[in-house]
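The structure appears below as structure tokens.
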Amino acid sequence: MATTAVTPEAVQARVAEAISSFGDVAVEDVTREATFEALDIDSLDLAELAQIVEEEYGVRLESSDVKEFKTVGDAVDRIVARAG
């Protein structure tokens, strides 16, 4: 079950932290407008992000969800909507 506050700000911070751990991206570069392509995040990274989200927030992201994500904001909005 959700163990962390599910606010857009909290989710964005957690997503940014996760994405920066995947590669050579600074946390401050992971903005809502940043695209996963620009951040050099591939499908394996997104699968790992989905796993982190499920553990942290109890939100299951299907591969069809992840395929729709273009920006970090898309992912954050979906996670917040599903957790709420």
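Decide, for the range 8-83, between rounded, prolate and oblate: order the square roots of the alpha carbon gyration tensor eigenvalues as a ≥ b ≥ c, take rounded if a/c falls under 1.5, and otherwise choose prolate if a/b is larger than b/c, else oblate. Kindly include the intermediate steps, with their values, before the conclusion.
Working: a/c = 1.44, a/b = 1.27, b/c = 1.13.
Here the range 8-83 falls in the rounded category.
In order along the range 72-84, the phi-based Karplus estimate (6.51 cos²θ - 1.76 cosθ + 1.60, θ = phi - 60°) of 3J(HN,Hα) comes to 4, x, 4, 5, 4, 4, 5, 5, 5, 4, 6, 7, x Hz; Gly and Pro are listed as x. Measuring nothing but how far apart in sequence close Cα pairs (under 8 Å, 6+ apart) lie, relative to its length, the chain scores a relative contact order of 42 percent. Please find, in a Gaussian network model of the chain (springs between Cα atoms separated by less than 10 Å), the residue of VAL59, VAL27, VAL11 whose mean-square fluctuation is greatest. Greatest mean-square fluctuation among the candidates belongs to VAL27.
Taking each residue as 0.36 nm, the span from GLU55 to PHE22 lengthens on full extension beyond its C-alpha to C-alpha distance by 10.2 nm. Taking the longest Cα principal axis of the chain as reference, the axis of helix 8-22 is set at about 50 degrees.
Applying 1/(1 + (r/R0)^6) with R0 = 25 Å to the Cβ-Cβ distance of LEU44 and ALA81, what FRET efficiency is obtained, to the nearest 0.05? Don't skip to the answer; put the middle values down first.
On the way: r = 25 Å, r/R0 = 0.98.
FRET efficiency, LEU44 to ALA81: 0.55.
Measuring from a point 7 Å past the Cα of THR7 along Cα-to-C-beta, which residues in the range 46-79 have an amide N at less than 19 Å? Of the residues in the range 46-79, 56-58, 73, 76-79 have backbone N under 19 Å from the label point off THR7.
FYI, it's all coordinate maths here, none of it is from the lab. Everything numeric here is computed off the predicted structure, so don't read it as measured data. Counting neighbours? That spans all protein chains shown, and the Cβs are built from the backbone with ideal geometry, glycine included.
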